[in-house]
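To start, the structure under review is shown below, and the notes come after it.
The values are calculated or read from the model by the stated rules, or taken from the named source; none is laboratory data. Here the structure is a predicted model, which is why all the values come from computation and not from measurement. Every residue, glycine as well, gets a Cβ built from its backbone with ideal geometry; the counts of neighbours run over all protein chains shown.
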Amino acid sequence: MKPAPLAGFIVESVLGCGGQIVLPEGYLAEAFTAVRAAGGVCIADEVQVGFGRVGSHFWGFETQGVVPDIVTMGKPIGNGHPLAAVATTRAIADSFANGMEYFNTFGGNPVSCAVGTAVLEVIHDEQLMQNARSVGGHLLARLAALPDKHRLVGDVRGLGLFIGIELVRDRQTLEPAAAEASYIVERMKAAGILLSIDGPLHNVLKLKPPLVFDHDDADFLVETLDRILGEDAAQP
């Protein structure tokens, strides 16, 4: 049986569900070239990292110097309002004009459009992308000092206000500290800070605060995390 041709390649521009992984420089350029050579389309998932969150660019894929064929957007575009969007090329959009009716039950309702427009205006007018870059850089720098104090912290990585803290029981074997991660998330919640856990081994603390997060918020987060990492129950 002849194998089916490649249809497409979909990737988070920064791998959130994979554990807050920042892709190596040039990775998407090479991947997109290979996909297109095989006849596929390149799809960038910007649900988590779009809209200025990476700080240096409005879209995560821009940090890789590529232009996707399709971009998917979700929750942040509505700031809590149920809203999503897809952007694509004219050629792909025109391919739907093939004789079969295409429709979307909730597509383009004016309330959601107004919400999305308002969110874009606030991001621009309040310079939230620039804030993500400034505060994110400060937060990442402060978090980078934690591995020297706490052997549970194996790695700190991220872009802008999209940061991951990988917890390991042993830095040589990289044994995941999943139970410790769960403990820390619960203790942080009790202190008024909401984090989540991501990654295939459930040992990466995900930091994805609102884009209005400021330097004082970042300092409070780091100081609280530093204290909780020092608790006996958080030791590997």
Check: Looking at this structure, is residue 55 under 30 Å from residue 196 (Cα atoms) and out of contact with any Cys (no Cβ under 8 Å at 6 or more places or on another chain)?
Finding: yes
Margin query: Restricting to the stretch 1-36, and then to whatever is among the charged types (D, E, K, R) and assigned by TED's automatic domain parsing to the domain that holds residue 89, can you tell me which residue is farthest from residue 160 (Cα to Cα)?
Written below: 36
Next item on the list: Identify the single condition in (1) part of a loop (DSSP other than H, G, I, E, B); (2) hydrophobic (A, V, I, L, M, F, W, C); (3) in the same structural domain as residue 47 (by TED's automatic domain parsing) that residue 111 does not satisfy, given that it satisfies every other one.
Entry: (1)
Check: Conditions: (1) surrounded by fewer than 18 Cβ atoms within 10 Å (Cβ to Cβ); (2) farther than 20 Å from residue 234 by Cα; (3) touching a residue at least 40 places away in the same chain (Cβ under 8 Å). Residue 149 meets all but one. Number of the miss?
Finding: (2)
Notebook entry, point to check: Has the stretch 96-107 got any residue that is at pLDDT 95 or above and over 14 Å from the mean Cα position of the chain (by Cα)?
Noted result: no
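Residue by residue, here is whether (1) part of a loop (DSSP other than H, G, I, E, B); (2) surrounded by 14 or more Cβ atoms within 10 Å (Cβ to Cβ); (3) polar (S, T, N, Q); (4) touching a strand residue (DSSP E or B) at 6+ places or on another chain (Cβ under 8 Å) holds:
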site: 39; (1), (2), (3), (4): yes, no, no, no
site: 44; (1), (2), (3), (4): no, yes, no, yes
site: 49; (1), (2), (3), (4): yes, yes, no, yes
site: 52; (1), (2), (3), (4): yes, yes, no, no
site: 56; (1), (2), (3), (4): yes, yes, yes, yes
site: 63; (1), (2), (3), (4): no, yes, yes, yes
site: 68; (1), (2), (3), (4): yes, yes, no, yes
site: 72; (1), (2), (3), (4): no, yes, yes, yes
site: 96; (1), (2), (3), (4): yes, no, no, no
Item checked: Sole exception among (1) surrounded by 11 or more Cβ atoms within 10 Å (Cβ to Cβ); (2) not in a loop (DSSP other than H, G, I, E, B) for residue 91, by number -> (1)
Item checked: Every pair of residues 6+ apart whose Cβ atoms lie under 7 Å, when the first sits in the stretch 37-49 and is closer than 13 Å to residue 89 by Cβ and assigned by TED's automatic domain parsing to the domain that holds residue 85 while the second is assigned to a loop (DSSP other than H, G, I, E, B) and modelled with pLDDT of 95 or more -> 41/69; 42/68; 42/69; 43/68; 43/69; 44/13; 44/68
Checklist line | Boolean, residue 155 is closer than 30 Å to residue 201 by Cα and either loosely packed, with under 13 Cβ neighbours inside 10 Å or among the polar types (S, T, N, Q) (or both) | finding: no
Checklist line | Entirely in the stretch 130-236, the helices (runs of 4 or more DSSP H) that have 2 or more residues that are hydrophobic (A, V, I, L, M, F, W, C), touching a Lys or Arg at 6+ places or on another chain (Cβ under 7 Å) and more than 19 Å from residue 23 (Cα to Cα) | finding: 215-229
Next item on the list: Scan the stretch 205-227 for residues that are in contact with an Asp or Glu (Cβ under 9 Å, 6 or more places away or on another chain) and of a type in the set (A, V, I, L, M) and jot them down.
Entry: 205, 211, 212
Notebook entry, point to check: Got at least one residue in the stretch 173-194 being modelled with pLDDT of 95 or more, polar (S, T, N, Q), buried (at least 21 other Cβ atoms within 10 Å of the Cβ) and not assigned by TED's automatic domain parsing to the domain that holds residue 77?
Noted result: no
Notebook entry, point to check: Which one is farthest from residue 162 (Cα to Cα), of the residues in the stretch 98-145 that are among the hydroxyl-bearing types (Ser, Thr, Tyr) and surrounded by fewer than 13 Cβ atoms within 10 Å (Cβ to Cβ)?
Noted result: 102
